[in-house]
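Presented below is the structure to which this report refers.
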Amino acid sequence: MAFRDELPPGRVLARRFLGEDVVLYRTRTGLLRAVRPFCPHLGAHLAHGGRIEGDDIVCPFHGFAFDPSGTCVRTGCGAPPPPNAQLTTWEVREIDSVILLWHHAQGHPPDWEVPATPAEGLCAPRHVVHTLNDHPQDILENGIDLGHFPPVHNIAGDNLRTRYTGNEMVINLDINPVEGGHVGLFGALGATLEMRLYGVGFAIARTYIPKLRARAQLWMLPTPIDPLHIELRIAGRIEQVLDRRPPAPVARLLSTAMVLFFDHDVSKDLPIWTNKTYLDRPKLIKGDGPIMEYRRWARQFYSERSPQVS
(Lines give C-alpha, C1' and ligand atoms only; values in the text may rest on other atoms or scores of the structure.)
Protein backbone atom coordinates (compact mmCIF):
# COMPACT_ATOMS: atom_id res chain seq x y z
CA MET A 1 0.00 0.00 0.00
CA ALA A 2 2.90 2.37 0.78
CA PHE A 3 6.46 2.60 2.04
CA ARG A 4 7.90 4.27 5.11
CA ASP A 5 9.67 6.98 3.12
CA GLU A 6 6.32 8.07 1.68
CA LEU A 7 4.84 8.66 5.13
CA PRO A 8 7.17 10.58 7.46
CA PRO A 9 5.85 11.97 10.78
CA GLY A 10 3.18 14.61 10.18
CA ARG A 11 2.24 13.36 6.70
CA VAL A 12 -1.28 12.47 5.53
CA LEU A 13 -1.94 10.64 2.27
CA ALA A 14 -4.78 8.81 0.54
CA ARG A 15 -4.52 5.45 -1.19
CA ARG A 16 -7.14 3.51 -3.13
CA PHE A 17 -8.06 0.11 -1.72
CA LEU A 18 -10.95 -2.12 -2.82
CA GLY A 19 -12.82 0.71 -4.48
CA GLU A 20 -12.51 3.32 -1.74
CA ASP A 21 -9.99 5.73 -0.31
CA VAL A 22 -7.98 4.87 2.78
CA VAL A 23 -6.27 7.69 4.67
CA LEU A 24 -2.81 6.81 5.96
CA TYR A 25 -1.07 9.12 8.39
CA ARG A 26 1.78 9.17 10.83
CA THR A 27 1.58 11.22 14.01
CA ARG A 28 4.32 13.59 15.13
CA THR A 29 5.53 10.93 17.56
CA GLY A 30 5.66 8.30 14.81
CA LEU A 31 2.42 6.35 15.29
CA LEU A 32 1.14 4.86 12.04
CA ARG A 33 -2.62 4.87 11.50
CA ALA A 34 -5.11 4.07 8.70
CA VAL A 35 -8.72 5.33 8.72
CA ARG A 36 -11.67 5.63 6.39
CA PRO A 37 -11.49 9.06 4.78
CA PHE A 38 -14.56 11.05 5.83
CA CYS A 39 -15.01 13.11 8.97
CA PRO A 40 -18.18 12.01 10.83
CA HIS A 41 -19.13 15.65 11.40
CA LEU A 42 -19.96 16.86 7.90
CA GLY A 43 -18.06 14.51 5.64
CA ALA A 44 -14.83 16.29 4.72
CA HIS A 45 -12.07 14.14 3.25
CA LEU A 46 -9.25 13.99 5.77
CA ALA A 47 -6.50 13.56 3.16
CA HIS A 48 -7.41 16.80 1.38
CA GLY A 49 -6.22 19.49 3.73
CA GLY A 50 -6.21 17.41 6.90
CA ARG A 51 -3.23 17.96 9.18
CA ILE A 52 -1.45 16.32 12.08
CA GLU A 53 -1.25 18.05 15.46
CA GLY A 54 0.75 15.97 17.90
CA ASP A 55 -0.87 12.53 17.81
CA ASP A 56 -4.20 13.81 16.40
CA ILE A 57 -5.45 14.11 12.84
CA VAL A 58 -7.44 17.33 12.33
CA CYS A 59 -10.25 17.76 9.83
CA PRO A 60 -9.69 20.67 7.40
CA PHE A 61 -13.38 21.67 7.36
CA HIS A 62 -14.26 22.50 10.98
CA GLY A 63 -11.14 21.59 12.93
CA PHE A 64 -12.44 18.42 14.57
CA ALA A 65 -9.48 16.47 16.00
CA PHE A 66 -9.29 12.68 16.34
CA ASP A 67 -6.81 10.80 18.50
CA PRO A 68 -4.97 7.60 17.42
CA SER A 69 -7.93 5.43 18.44
CA GLY A 70 -10.16 7.45 16.06
CA THR A 71 -12.10 9.17 18.86
CA CYS A 72 -12.99 12.85 18.46
CA VAL A 73 -11.20 14.67 21.28
CA ARG A 74 -11.99 18.32 20.44
CA THR A 75 -13.80 20.54 17.98
CA GLY A 76 -12.63 23.62 16.17
CA CYS A 77 -15.08 25.94 17.94
CA GLY A 78 -14.42 24.69 21.48
CA ALA A 79 -17.78 22.92 21.86
CA PRO A 80 -17.70 19.39 23.34
CA PRO A 81 -17.28 16.63 20.74
CA PRO A 82 -20.54 15.02 19.60
CA PRO A 83 -21.31 11.67 21.24
CA ASN A 84 -19.86 8.71 19.35
CA ALA A 85 -17.96 10.89 16.85
CA GLN A 86 -15.49 8.24 15.74
CA LEU A 87 -13.34 7.52 12.72
CA THR A 88 -13.43 3.99 11.31
CA THR A 89 -9.94 2.56 11.62
CA TRP A 90 -8.14 -0.13 9.61
CA GLU A 91 -5.65 -2.63 10.97
CA VAL A 92 -2.28 -1.50 9.63
CA ARG A 93 1.25 -2.87 9.94
CA GLU A 94 4.71 -1.67 8.99
CA ILE A 95 6.98 -4.57 8.06
CA ASP A 96 10.52 -3.80 6.87
CA SER A 97 9.48 -0.31 5.66
CA VAL A 98 6.44 -1.76 3.86
CA ILE A 99 3.05 -0.46 5.04
CA LEU A 100 0.37 -3.17 4.88
CA LEU A 101 -3.38 -3.00 5.41
CA TRP A 102 -5.51 -5.87 6.68
CA HIS A 103 -8.83 -6.66 5.02
CA HIS A 104 -11.33 -9.41 5.73
CA ALA A 105 -14.55 -9.55 3.72
CA GLN A 106 -16.51 -10.35 6.90
CA GLY A 107 -14.74 -7.81 9.08
CA HIS A 108 -12.74 -10.31 11.15
CA PRO A 109 -9.53 -9.11 12.85
CA PRO A 110 -6.11 -10.37 11.71
CA ASP A 111 -5.50 -14.04 12.39
CA TRP A 112 -1.99 -14.17 10.92
CA GLU A 113 0.92 -11.78 10.46
CA VAL A 114 3.70 -11.14 7.97
CA PRO A 115 6.96 -11.65 9.89
CA ALA A 116 9.69 -9.05 9.84
CA THR A 117 13.14 -9.84 8.47
CA PRO A 118 16.41 -8.54 9.94
CA ALA A 119 16.89 -5.03 8.55
CA GLU A 120 19.13 -3.20 11.01
CA GLY A 121 21.63 -1.02 9.19
CA LEU A 122 20.14 -1.71 5.74
CA CYS A 123 18.93 1.02 3.42
CA ALA A 124 15.21 1.52 2.85
CA PRO A 125 13.86 -0.39 -0.16
CA ARG A 126 13.81 1.46 -3.47
CA HIS A 127 10.46 1.06 -5.22
CA VAL A 128 8.35 1.65 -8.33
CA VAL A 129 4.61 1.21 -8.94
CA HIS A 130 2.42 0.11 -11.86
CA THR A 131 -1.35 0.19 -12.25
CA LEU A 132 -2.79 -2.63 -14.32
CA ASN A 133 -5.87 -4.71 -14.96
CA ASP A 134 -5.27 -7.91 -13.01
CA HIS A 135 -5.78 -9.75 -9.73
CA PRO A 136 -3.19 -10.03 -6.92
CA GLN A 137 -3.25 -13.83 -7.00
CA ASP A 138 -2.11 -13.81 -10.63
CA ILE A 139 0.95 -11.73 -9.80
CA LEU A 140 2.27 -14.07 -7.11
CA GLU A 141 1.42 -17.13 -9.21
CA ASN A 142 3.80 -15.76 -11.83
CA GLY A 143 6.76 -16.55 -9.57
CA ILE A 144 6.17 -20.30 -9.78
CA ASP A 145 5.01 -20.36 -13.41
CA LEU A 146 8.29 -21.80 -14.64
CA GLY A 147 6.95 -22.34 -18.15
CA HIS A 148 6.92 -18.63 -18.93
CA PHE A 149 10.51 -18.00 -17.79
CA PRO A 150 12.29 -18.93 -21.09
CA PRO A 151 9.96 -17.29 -23.66
CA VAL A 152 9.32 -14.11 -21.68
CA HIS A 153 12.50 -13.59 -19.65
CA ASN A 154 15.14 -15.75 -21.36
CA ILE A 155 15.91 -17.53 -18.10
CA ALA A 156 15.27 -20.98 -16.72
CA GLY A 157 14.03 -21.90 -13.27
CA ASP A 158 15.71 -25.04 -11.94
CA ASN A 159 15.70 -27.14 -8.77
CA LEU A 160 12.32 -25.86 -7.64
CA ARG A 161 11.30 -26.79 -4.08
CA THR A 162 8.16 -25.67 -2.29
CA ARG A 163 6.79 -26.02 1.20
CA TYR A 164 3.70 -24.69 2.95
CA THR A 165 3.19 -23.68 6.56
CA GLY A 166 -0.19 -22.11 7.22
CA ASN A 167 -0.26 -18.65 5.65
CA GLU A 168 3.33 -18.96 4.37
CA MET A 169 4.47 -20.56 1.12
CA VAL A 170 8.26 -20.92 0.63
CA ILE A 171 9.72 -21.40 -2.85
CA ASN A 172 13.38 -22.15 -3.53
CA LEU A 173 14.79 -22.21 -7.04
CA ASP A 174 17.86 -21.45 -9.12
CA ILE A 175 17.78 -18.95 -11.99
CA ASN A 176 19.99 -19.64 -15.02
CA PRO A 177 20.24 -18.03 -18.46
CA VAL A 178 19.03 -19.60 -21.69
CA GLU A 179 20.66 -18.99 -25.03
CA GLY A 180 19.62 -16.10 -27.27
CA GLY A 181 17.68 -12.89 -26.78
CA HIS A 182 17.83 -10.18 -24.16
CA VAL A 183 19.25 -11.12 -20.78
CA GLY A 184 17.45 -9.72 -17.73
CA LEU A 185 18.57 -8.92 -14.22
CA PHE A 186 19.51 -12.46 -13.14
CA GLY A 187 19.98 -14.11 -16.51
CA ALA A 188 23.56 -12.99 -17.17
CA LEU A 189 24.90 -14.00 -13.77
CA GLY A 190 22.56 -16.63 -12.39
CA ALA A 191 21.02 -16.50 -8.95
CA THR A 192 19.42 -18.55 -6.23
CA LEU A 193 16.12 -17.35 -4.79
CA GLU A 194 14.10 -18.09 -1.71
CA MET A 195 10.65 -16.59 -2.14
CA ARG A 196 8.22 -16.33 0.73
CA LEU A 197 4.57 -15.64 -0.01
CA TYR A 198 2.08 -14.42 2.60
CA GLY A 199 -1.51 -14.27 1.50
CA VAL A 200 -2.01 -13.17 -2.10
CA GLY A 201 -0.59 -9.66 -1.65
CA PHE A 202 2.94 -10.02 -0.27
CA ALA A 203 5.98 -11.76 -1.72
CA ILE A 204 9.60 -11.30 -0.70
CA ALA A 205 12.52 -12.95 -2.48
CA ARG A 206 15.87 -13.32 -0.76
CA THR A 207 18.35 -13.48 -3.59
CA TYR A 208 21.98 -14.58 -3.83
CA ILE A 209 24.16 -13.94 -6.91
CA PRO A 210 27.23 -16.17 -6.54
CA LYS A 211 29.37 -14.44 -9.19
CA LEU A 212 29.10 -11.13 -7.31
CA ARG A 213 28.88 -12.70 -3.86
CA ALA A 214 25.87 -10.41 -3.52
CA ARG A 215 22.71 -10.70 -1.45
CA ALA A 216 19.54 -8.73 -2.03
CA GLN A 217 15.84 -8.65 -1.20
CA LEU A 218 13.06 -8.07 -3.71
CA TRP A 219 9.37 -7.48 -3.03
CA MET A 220 6.30 -7.94 -5.22
CA LEU A 221 3.32 -6.21 -3.58
CA PRO A 222 0.02 -6.21 -5.51
CA THR A 223 -2.79 -4.14 -3.96
CA PRO A 224 -6.40 -4.33 -5.29
CA ILE A 225 -7.60 -0.76 -5.80
CA ASP A 226 -10.99 -1.62 -7.35
CA PRO A 227 -12.71 -4.74 -8.73
CA LEU A 228 -10.65 -4.68 -11.95
CA HIS A 229 -7.32 -3.03 -11.16
CA ILE A 230 -4.32 -3.44 -8.92
CA GLU A 231 -1.35 -1.31 -8.01
CA LEU A 232 1.80 -3.42 -8.24
CA ARG A 233 4.68 -2.16 -6.12
CA ILE A 234 8.09 -3.57 -6.95
CA ALA A 235 10.79 -2.93 -4.39
CA GLY A 236 14.26 -4.06 -3.51
CA ARG A 237 17.47 -3.40 -1.65
CA ILE A 238 21.06 -4.61 -1.77
CA GLU A 239 22.37 -6.18 1.43
CA GLN A 240 25.87 -7.34 0.47
CA VAL A 241 28.28 -7.16 -2.46
CA LEU A 242 31.51 -9.17 -2.47
CA ASP A 243 30.35 -10.56 0.89
CA ARG A 244 30.44 -7.08 2.44
CA ARG A 245 27.76 -4.56 3.30
CA PRO A 246 28.35 -1.52 1.09
CA PRO A 247 28.34 2.03 2.49
CA ALA A 248 24.86 3.54 2.73
CA PRO A 249 25.15 5.86 -0.35
CA VAL A 250 26.48 2.97 -2.45
CA ALA A 251 23.77 0.63 -1.16
CA ARG A 252 21.08 3.13 -2.11
CA LEU A 253 22.56 3.59 -5.59
CA LEU A 254 22.92 -0.14 -6.19
CA SER A 255 19.43 -0.81 -4.82
CA THR A 256 17.91 1.77 -7.15
CA ALA A 257 19.74 0.28 -10.14
CA MET A 258 18.68 -3.25 -9.17
CA VAL A 259 15.02 -2.27 -8.88
CA LEU A 260 15.09 -0.49 -12.24
CA PHE A 261 16.64 -3.54 -13.92
CA PHE A 262 14.18 -5.86 -12.21
CA ASP A 263 11.28 -3.58 -13.13
CA HIS A 264 12.42 -3.63 -16.76
CA ASP A 265 12.27 -7.42 -16.67
CA VAL A 266 8.88 -7.50 -14.93
CA SER A 267 7.55 -5.03 -17.50
CA LYS A 268 7.69 -7.82 -20.07
CA ASP A 269 4.89 -9.50 -18.10
CA LEU A 270 2.66 -6.43 -17.85
CA PRO A 271 0.94 -6.61 -21.29
CA ILE A 272 0.39 -10.34 -20.78
CA TRP A 273 -1.12 -9.89 -17.31
CA THR A 274 -3.32 -7.02 -18.47
CA ASN A 275 -4.82 -8.92 -21.41
CA LYS A 276 -4.94 -12.54 -20.26
CA THR A 277 -7.92 -14.28 -18.70
CA TYR A 278 -8.03 -16.61 -15.72
CA LEU A 279 -8.63 -20.29 -16.51
CA ASP A 280 -9.97 -22.24 -13.56
CA ARG A 281 -8.87 -25.52 -15.15
CA PRO A 282 -5.77 -24.77 -17.24
CA LYS A 283 -4.33 -27.46 -19.51
CA LEU A 284 -0.97 -27.71 -17.80
CA ILE A 285 2.11 -29.58 -18.99
CA LYS A 286 5.20 -30.93 -17.27
CA GLY A 287 7.50 -28.08 -16.41
CA ASP A 288 4.82 -25.46 -15.76
CA GLY A 289 5.52 -25.50 -12.04
CA PRO A 290 3.23 -26.18 -9.05
CA ILE A 291 0.51 -23.78 -10.21
CA MET A 292 -2.42 -25.81 -8.93
CA GLU A 293 -0.66 -26.41 -5.59
CA TYR A 294 -0.31 -22.66 -5.24
CA ARG A 295 -3.98 -22.08 -6.10
CA ARG A 296 -5.16 -24.62 -3.56
CA TRP A 297 -2.97 -22.97 -0.91
CA ALA A 298 -4.29 -19.51 -1.87
CA ARG A 299 -7.94 -20.51 -1.30
CA GLN A 300 -7.52 -20.15 2.46
CA PHE A 301 -7.26 -16.36 2.07
CA TYR A 302 -10.77 -15.98 0.64
CA SER A 303 -13.96 -15.93 2.65
CA GLU A 304 -17.49 -16.58 1.49
CA ARG A 305 -18.03 -12.96 0.50
CA SER A 306 -14.63 -12.16 -0.98
CA PRO A 307 -14.13 -12.14 -4.77
CA GLN A 308 -11.66 -14.67 -6.12
CA VAL A 309 -9.84 -14.61 -9.44
CA SER A 310 -12.20 -14.58 -12.39
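The values are calculated or read from the model by the stated rules, or taken from the named source; none is laboratory data. Everything numeric in this text was worked out from a predicted model, so none of it was measured. So basically every Cβ, Gly included, is an ideal-geometry build from the backbone, and we count neighbours across all protein chains shown. These accessible areas exclude ligands, DNA and RNA; they are computed on the full protein's heavy atoms, side chains included. Shrake-Rupley method; radii C 1.70, N 1.55, O 1.52, S 1.80 Å.
Observations
- Any chance Leu185 is open to solvent by less than 50 Å² (accessible area, probe 1.4 Å), in contact with a helix residue (DSSP H, G or I) (Cβ under 9 Å, 6 or more places away or on another chain) and modelled with pLDDT of 95 or more: no
- Qualifying residue in region 245-254 (condition: aliphatic (A, V, I, L, M), more than 20 Å from the chain's Cα centre (by Cα) and either closer than 29 Å to Glu113 by Cα or part of a loop (DSSP other than H, G, I, E, B) (or both)): yes
- The set of residues in region 211-221 that are within 18 Å of Ala298 (Cβ to Cβ) and either open to solvent by 10 Å² or more (accessible area, probe 1.4 Å) or in a loop (DSSP other than H, G, I, E, B) (or both) contains only Met220.
- Qualifying residue in region 54-62 (condition: under 27 Å from the mean Cα position of the chain (by Cα) and within 30 Å of Ile204 (Cβ to Cβ)): no
- Pairs, first closer than 16 Å to Arg36 by Cα in region 51-66, second assigned to a strand (DSSP E or B) and of a type in the set (Asp, Glu), C-beta under 7 Å, six or more apart: Ala65/Glu53; Ala65/Asp56; Phe66/Asp56
- Selection from region 67-123 of residues that are open to solvent by 40 Å² or more (accessible area, probe 1.4 Å) and touching a helix residue (DSSP H, G or I) at 6+ places or on another chain (Cβ under 8 Å): Glu94
- Hits in region 1-15 - residues which are within 20 Å of the chain's Cα centre (by Cα) and either on the phi > 0 side of the Ramachandran plot or among the aliphatic types (A, V, I, L, M) (or both): Met1, Ala2, Leu7, Val12, Leu13, Ala14
- Looking across region 92-114, the residues that are of a type in the set (D, E, K, R) and either part of a strand (DSSP E or B) or farther than 13 Å from Gly199 by Cβ (or both) come down to Arg93, Glu94, Asp96.
- Residues in region 1-15 that are open to solvent by less than 20 Å² (accessible area, probe 1.4 Å) and either more than 26 Å from Ile234 (Cα to Cα) or in a strand (DSSP E or B) (or both): Ala2, Phe3, Leu13.
- Selection of first residues in region 190-210 that are in a loop (DSSP other than H, G, I, E, B) and of second residues that are not hydrophobic (A, V, I, L, M, F, W, C), restricted to Cβ pairs under 6 Å at least 6 apart or on distinct chains, gives the following pairs, ordered by first then second residue: Gly190/Asn176; Val200/Pro136; Val200/Gln137; Gly201/Pro136; Gly201/Pro222.
- Residue that is modelled with pLDDT of 95 or more, surrounded by 14 or more Cβ atoms within 10 Å (Cβ to Cβ) and more than 21 Å from Arg4 (Cβ to Cβ), where the choices are Pro271, Pro224, Pro282: Pro224
- Flag if Thr277 is open to solvent by 60 Å² or more (accessible area, probe 1.4 Å) and either in contact with a Phe, Trp or Tyr (Cβ under 8 Å, 6 or more places away or on another chain) or of a type in the set (Ser, Thr, Tyr) (or both): yes
- For Gly70, the stated conditions hold: it is in contact with a strand residue (DSSP E or B) (Cβ under 7 Å, 6 or more places away or on another chain) and on the phi > 0 side of the Ramachandran plot.
- Qualifying residue in region 16-28 (condition: in contact with a His (Cβ under 7 Å, 6 or more places away or on another chain), open to solvent by 40 Å² or more (accessible area, probe 1.4 Å), on the phi > 0 side of the Ramachandran plot and not in a strand (DSSP E or B)): yes
- Checking Asn142 against (1) polar (S, T, N, Q); (2) farther than 21 Å from Tyr198 by Cα; (3) not in a strand (DSSP E or B), the condition it does not meet: (2)
- Subset of region 128-139 (residues that are open to solvent by less than 60 Å² (accessible area, probe 1.4 Å) and either without any contact (Cβ under 8 Å) to a residue 24 or more places away in the chain or in a strand (DSSP E or B) (or both)): Val128, His130, Leu132
- Positions within region 33-43 being open to solvent by less than 20 Å² (accessible area, probe 1.4 Å) and in contact with a strand residue (DSSP E or B) (Cβ under 7 Å, 6 or more places away or on another chain), in sequence order: Ala34, Val35, Pro37
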